[in-house]
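Comments concern the structure below.
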Amino acid sequence: MELSRRTIIHFVSVNGTTEVGSMPRITDARREVRRAQIVAAARRCFAREGFHQTSMPDIAQEAGVSVGAPYRYFASKEEIILELAGDAFHLLFEPVARLVQGEKVATVADLVAASIGPAARDTALDAAGQPVPVDELLRCAVQAWGELLVHEGLHRRAVEGFENVRQSMAEVLRHGQAAGTVPTGLDPERGARVVLALLHGFVLQRVAFGLDDIAGFTDAVQATLAGAGILNATEP
């Protein structure tokens, strides 16, 4: 008798007969562990070799699973790329969301620190709450930026996320202006784009151009903004 890959023979004595049963289903917890294992393997491969140089069999080998195992969780490599892009987005912008929801009236300096801070760490938590190396996520993020130009689905999700964050940052700046902690001459919409440009530039320099003096970079940003009259330490 020939069985499929997903079944095994259970010889169960029932009233003296033998029955064939299905293989017990994998538990949800075990499935999540295996899925996270595959995502972590893909992240390492993408960070090391790049999106296009990595195949699904490469990911399976890195994860220590069968060649077909990744397809039980993801229909294609592109689905994994989208998930990792989401993890990188969460890393970079979740602190800004906390700043928006917090009770403290933020300054431009607070907004810059919330934006750059997560990308300056060695490890962080992904969207599932699992610890991951920040450098791997940032390498995936930079590669994903290149894919925005040719991948419609990724571009659509990125633009939506970008606009949500930009609007949140602008709202922080408007609240600061009302409280007197942000200069009234600063246009909140443009100011939000400036902060985002600083963040993107920081990520690219860290990943591609060897920026390792994180504290010095942050201090220089603050000094530059202060010199331009953008920072305002006045308390409400």
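I'd like the accessible area for L92: 1.4 Å probe, protein heavy atoms, all chains in place, Å² to the nearest 10.
10
Ignoring everything but the protein chains, give the 1.4 Å probe accessible area of H175 in square angstrom, nearest 10.
The accessible area of H175 comes to roughly 110 Å².
Counting other Cβ atoms within 10 Å, which trypsin sites (Lys or Arg not before Pro) in the range 117-161 have at most 14 and lie in a DSSP loop?
Loop-located and lightly packed - R121.
Return the loop-located chymotrypsin sites (Phe, Trp or Tyr not before Pro) in the range 135-232 (DSSP other than H, G, I, E, B) with at most 14 other Cβ atoms within 10 Å of their own Cβ; answer none if there are none.
Answer by residue number: F209.
Mind listing the phi-derived Karplus ³J(HN,Hα) values for the range 95-105, rounded to whole Hz, using 6.51, -1.76 and 1.60 with θ = phi - 60°, and x for any glycine or proline?
x, 5, 4, 5, 5, 5, 7, x, 8, 5, 7
Sorted by accessible area with a 1.4 angstrom probe, largest first, how do V100, V194 fall?
V194, V100
Could you give me the ³J(HN,Hα) list for the range 56-71, computed from phi with Karplus coefficients 6.51, -1.76, 1.60 and θ = phi - 60°, whole Hz, x at Gly and Pro?
Working through the residues one at a time gives 4, x, 4, 5, 4, 4, 5, 7, x, 10, 5, 4, x, 4, x, 6 Hz.
The values are calculated or read from the model by the stated rules, or taken from the named source; none is laboratory data. The structure presented is a predicted model; accordingly, all values stated were derived computationally and were not measured. Counting neighbours? That spans all protein chains shown, and the Cβs are built from the backbone with ideal geometry, glycine included. Quick note on the areas: whole protein, heavy atoms, side chains included, nothing else; ligands and nucleic acids left out. Shrake-Rupley method; radii C 1.70, N 1.55, O 1.52, S 1.80 Å.
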